[in-house]
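The values are calculated or read from the model by the stated rules, or taken from the named source; none is laboratory data. For clarity, every value in this text was computed on a predicted model and none was experimentally measured. Here the Cβ is made from the backbone with ideal geometry for all residues, glycine too, and neighbour counts use every protein chain on show.
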Amino acid sequence: MQAPKADRVLAQTARILKATSYSEVWALLLEGLALFGITAVRYGLTRSRYGMSLGDLQDILYLSSLGAQDFTDYIETGLYRRSPHYRWMAENDGAVSWGWFLQEAAAEWLHPDEQTFLHEMEKAGQPAGYLLSFASDTTRLKGGLGMMGQRDWSQADMDALWAQHGAGIEAMCIAAHLNITRMPLPSKRDPLRPRQREMLEWVADGKSMQDIAVLTGLSVATVEKHMRGARDALDVETTPQAIARAALLGQLFIVTDEGAA
């Protein structure tokens with residue numbers, strides 16, 4: 001297939017950066033990657049990484065063109081922990097060809113579980129691919145993206161595509177990642193209600209229960225009720241923990257419809 005011109009890629013990258021929701025960013029990224037024949041893509045983001053752990057699975061963002069079941073099959077089952085791709089992403093930043101993992105396997109430098117993972121991929125007819133691991137300025141936030149070529153592509157085909165167009169492909173992916181990281185991270189927990197978020201924001205600004213009651217016109221008991229609801233929604237025991245988790249998930253001081261109004 002004929003690759004898109006540079007101005008088409010630049011325009012698509014600009015559209016990705018201007019998107020205002022996860023679904024819009026994801027749709028535009030898939031549209032952009034499809035210009036190069038790449039249609040199978042996985043993206044993951046956690047703001048609560050600890051070492052090799054993704055943190056609480058309720059608080060990660062996982063987007064996949066392979067269908068909703070992919071999250072269960074790859075993440076919830078823990079299969080990702082046996083993947084050399086995940087280990088590389090957790091330990092490195094940048095881009096790597098899936099051919100590198102095959103070389104490591106041939107040299108028997110991979111963990112036995114990782115060797116088994118690659119064998120299972122081969123049996124399933126997994127196509128060639130590339131992996132991106134995005135740099136972060138915090139130890140808790142980490143994002144990565146895996147892209148797979150079409151079924152009849154060899155890894156040499158994928159590497160040739162990357163050698164010629166990798167800069168444009170990577171730019172689109174980084175743009176999508178950076179735009180997503182500025183958005184509140186979705187969670188499978190109940191979202192904070194506007195009053196709960198407001199109470200946490202006042203405490204984060206150093207206000208006491210009495211101060212908040214005066215500023216909001218609520219009773220101290222009502223303020224504490226909203227605070228308790230926020231702690232329950234975030235599944236923590238103390239208000240400082242609630243503020244820390246809400247900040248980690250990007251749920252404080254956000255622009256909302258009621259805030260914009």
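Below are the figures for this structure:
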item	result
Unmet criterion (only one of (1) in a helix (DSSP H, G or I); (2) touching a helix residue (DSSP H, G or I) at 6+ places or on another chain (Cβ under 7 Å)) for residue 244	(2)
Looking only at segment 164-186, and only at residues there that are surrounded by 19 or more Cβ atoms within 10 Å (Cβ to Cβ) and within 13 Å of the chain's Cα centre (by Cα), the one that is nearest to residue 143 (Cα to Cα)	177
Any pair with Cβ under 7 angstrom, 6 or more apart, that starts in segment 54-80 at a residue that is in the same structural domain as residue 126 (by TED's automatic domain parsing) and buried (at least 19 other Cβ atoms within 10 Å of the Cβ) and ends at one that is at pLDDT 90 or above and among the acidic types (Asp, Glu)	64/70
Tally, over segment 187-197, of residues that are surrounded by fewer than 19 Cβ atoms within 10 Å (Cβ to Cβ) and assigned to a helix (DSSP H, G or I)	2
Selection from segment 200-231 of residues that are of a type in the set (D, E, K, R) and surrounded by fewer than 14 Cβ atoms within 10 Å (Cβ to Cβ)	205
Residue match in segment 10-29 (condition: touching a Pro at 6+ places or on another chain (Cβ under 9 Å), modelled with pLDDT under 95, at negative phi and not aliphatic (A, V, I, L, M))	yes
Number of the condition not met by residue 42 [criteria: (1) basic (Lys, Arg); (2) within 13 Å of the chain's Cα centre (by Cα); (3) farther than 22 Å from residue 130 by Cα]	(3)
Selection count where residues are surrounded by 14 or more Cβ atoms within 10 Å (Cβ to Cβ), under 23 Å from the mean Cα position of the chain (by Cα) and not in a helix (DSSP H, G or I), scope segment 1-31	1
Hits in segment 71-109 (condition: more than 15 Å from the chain's Cα centre (by Cα) and under 30 Å from residue 191 (Cα atoms))	72, 73, 76, 77, 78, 79, 81
Elements of type strands (runs of 3 or more DSSP E) contained in segment 61-159, each with 1 or more residues being in contact with a helix residue (DSSP H, G or I) (Cβ under 9 Å, 6 or more places away or on another chain) and farther than 30 Å from residue 182 by Cβ	none
